[in-house]
Amino acid sequence: MSDPNLIKTDKLSVEFNIGGSIFNKKTLKAVDGISIDIPKGSFFGVVGESGSGKTTLGRALLNAVPISSGHATYDDGEVQYDLAEINGPELKDYRKRAQLIFQDPYAALSPRMTVRDIIAEPLEVMGLTKTREETDARVREIAEKCRLNLEHLRRFPHAFSGGQRQRISIARALVSGPQFIVADESVAALDVSIQADILNLLKSIQEEMGLTFMFISHDLSVVAHTCDHVAVMYLGRIVESAPTRQLFENARHPYTKALFSAIPSLDPDDRGKAQKLEGEIPSPTNQPSGCKFHTRCPFVTDICKREEPPLETCEEGHAVSCHRWKELQLNDVA
Amino acid sequence: MTDITEIQENASRSQWWDVWDQFKSHRGALIGAGFFLIIVFGVTFGPWLWTIDPTYIDIRARNQGPSFAHPFGTDQLGRDTLARMIKGGQTSMSVGLVAMALALFLGTFIGVVAGFFKKLDGPLMRLTDLFLALPLLPLLLVMVMLFRDTLSSIFGPEMGIFVLMVTAIGITSWMPTARIVRGDVLAIKEREFVLAARSIGTSNQKMIMRHILPNVLSPIMVSATLGIANAIITESALSFLGLGFPPDFPTWGRLLFDSVDYLQQYPERVMWPGLAISFTVLAVNYVGDGLRDALDPRIRGR
């Protein structure tokens, strides 16, 4: 074990061309210089509102969207890949090692294939099994792990509920034996009771198989339930990153605090102190100068408008990107 | 717990049973399929059952109404109409089926390629527009003029004209299919299961065969059934204009248009080929409808 981190990114950026003329190319910076380390065997959460670049980050790590600049490396002890440059046979091998679970279980399964065919497909495409018997055995093993009935295998996806479909999705992602899984809003489309079921399933699979998860969500309670470490994203940047417990107990960034204050409380006497964030998230094509959050931050000062705050480490494993985190914390205490 | 191989065999068998069950529950489709089979058997094995030569001219028996000797009557030259219907059916059905298959293949191919590969979308769709803008009859006329003799010398007069007809109809009727298929492919391409398949490194070819094509089956099925009807009708129109099969060579369209001259004296003579064409087209449409429903796992079992 050389490096405890499975995924390491350094100033990773993803830009999309959105037209404009030849001289004045318009680009959309969906992910803007992100540096994160995802330790092996961890459940790494990424949260943020819609349009903050969570999904793009996840897809960039799976090489589903091209990386514009910066570095991302994958290192599972056996192999090392530079994700910005990977292609050919290495990319093929990486596909086995990194998989994606989708948000919408209704769109992610081809309606014309039986569940067995859907789960077996990665095996066939990647040539992981030689014979039909071998494929069947592997499919059965994974299906059992995902608590799918053998009887289910010969049915079509339309016969299943959202939770069952999501389990099929998970089975498909797991069948090639990956090390790294990106779960992109994987429970957002499900009922709360089924969310818990799927989350527990993911968690148990992770512990059992020693996988590394990157869990993308906008639901903080879900993140609190599952993740070891959470990164909060805003407009393509990471504003705060900390171990889950620490983040929830001691959030430093005003944005993170606002997010937490918006979690509904179960206490009927709690009159709700949800701190309202004015306005919408700014357009990524026309980003504000300085701190990205200054347009909506209640503690904005001049420096926030001029200079971009660096991601500072304030405690072990806890990093925050804000000019005023120190004084704000003092205010809190006082 | 059952053995997995047993389950698998079970699965592939019951999948086609499911399709059949659903097809059976569509009464129109079942009647249509029965009717279509009867017509196909009739025109294939008819000549052995009804042995009168369709080209035999019995001038004393011309313009007769239905009788035991001639159940469908005779035409102005005394040829037996039933025998001519059977012979004409062979040609019409085979032209219809083969031309439809060709148009379907072309249309699906162009539609899938245009929808799947972004760069080819523009050129291929403009090509489709171009073909749609071409006036059909003059084009066919030119094709027949140019290629009739060449093809006849290669394949013989009958086969030559058959090849010509099928090709002409095929390459002038694939456009609607291509457009429909392209539209559906564009929509399906953006679905997440395609991204999922892409993320495990599925090749384009496999992607199209396994994920795209099965999901655009419904529109293809519908245009296939409409295509048969269209091909039979186009062939009739061409024969009527003297561009199709030679005058003494019966097809349903030919028979229909030959009888139009005698419409006032012998209206029943128009009815036989007319009915044959209409019923075939109707039957095929119903079969297509039933098949489309049966092949769609979402509708099945409802």
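When A:Ile238, A:Ile18 are sorted by how many other C-beta atoms sit within 10 angstrom of their C-beta, beginning with the fewest, the order is A:Ile18, A:Ile238. Computed from point charges on the beta carbon alone (+1 for Lys and Arg, -1 for Asp and Glu), the dipole magnitude for the protein assembly as shown about its Cα centre is near 1260 Debye.
Over chain A, what is the relative contact order in percent, taking alpha-carbon pairs closer than 8 angstrom and at least six residues apart? For chain A, the relative contact order is 19 percent.
Projected label points at B:Asp121 and B:Leu275, each 7 Å from Cα along the beta carbon direction, are separated by 5.1 nanometres.
With an a/c value of 1.5 or above and a/b not larger than b/c for the gyration tensor axes a ≥ b ≥ c computed over the alpha-carbon atoms, the range A:52-203 is described as oblate.
Based on the reciprocal of the average 1/r between different C-alpha atoms, the Kirkwood radius for the protein assembly as shown equals 29.5 Å. Subtracting the Cα-Cα distance of A:Asn149 and A:Ser193 from their residue separation scaled by 0.36 nm leaves 13.9 nm. Under a Gaussian network description of chain A, with springs only between Cα atoms under 10 Å, the residue in A:Leu12, A:Leu148, A:Leu266 that fluctuates furthest is A:Leu266. Across all directions, the average flat footprint of the convex hull enclosing the Cα atoms of chain B is 21.0 nm². The phi torsions of the range B:140-155, fed into the Karplus equation with coefficients 6.51, -1.76 and 1.60 and a -60° offset, translate into couplings of 4, 4, 4, 4, 4, 4, 6, 10, 4, 5, 4, 5, 4, 6, 7, 9 Hz, rounded to whole numbers, with Gly and Pro shown as x.
Summarising the strand pairing of the protein assembly as shown, around 60 percent of its internal DSSP beta bridges are antiparallel. If the Kirkwood radius is taken over C-alpha pairs of the range A:171-309, then at 20 °C and 1.002 mPa s the Stokes-Einstein diffusion coefficient equals 124 µm²/s. Charges were assigned to the Cβ only: +1 to each Lys and Arg, -1 to each Asp and Glu. The resulting dipole of chain A about its Cα centre is roughly 840 debye. Here the scattering of chain A is modelled by Debye summation over its C-alpha atoms, one equal scatterer each and no solvent; at q = 0.10, 0.12, 0.14, 0.16 Å⁻¹ the log10 of I(q)/I(0) is -0.64, -0.90, -1.16, -1.41.
For the pair the range A:200-248 / the range A:135-185, the C-alpha centres are spaced 22 Å from each other. Give the residue list of trypsin sites (Lys or Arg not before Pro) in the range A:218-254 that are DSSP loop and have at most 13 other beta-carbon atoms within 10 angstrom. The qualifying sites: there are none.
Here, each number is a calculation from the coordinates, and none is a lab measurement. Values in this document were obtained by computation on a predicted structure and should not be read as measured data. Cβ atoms come from the backbone with ideal geometry, glycine included; neighbour counts cover every protein chain shown.
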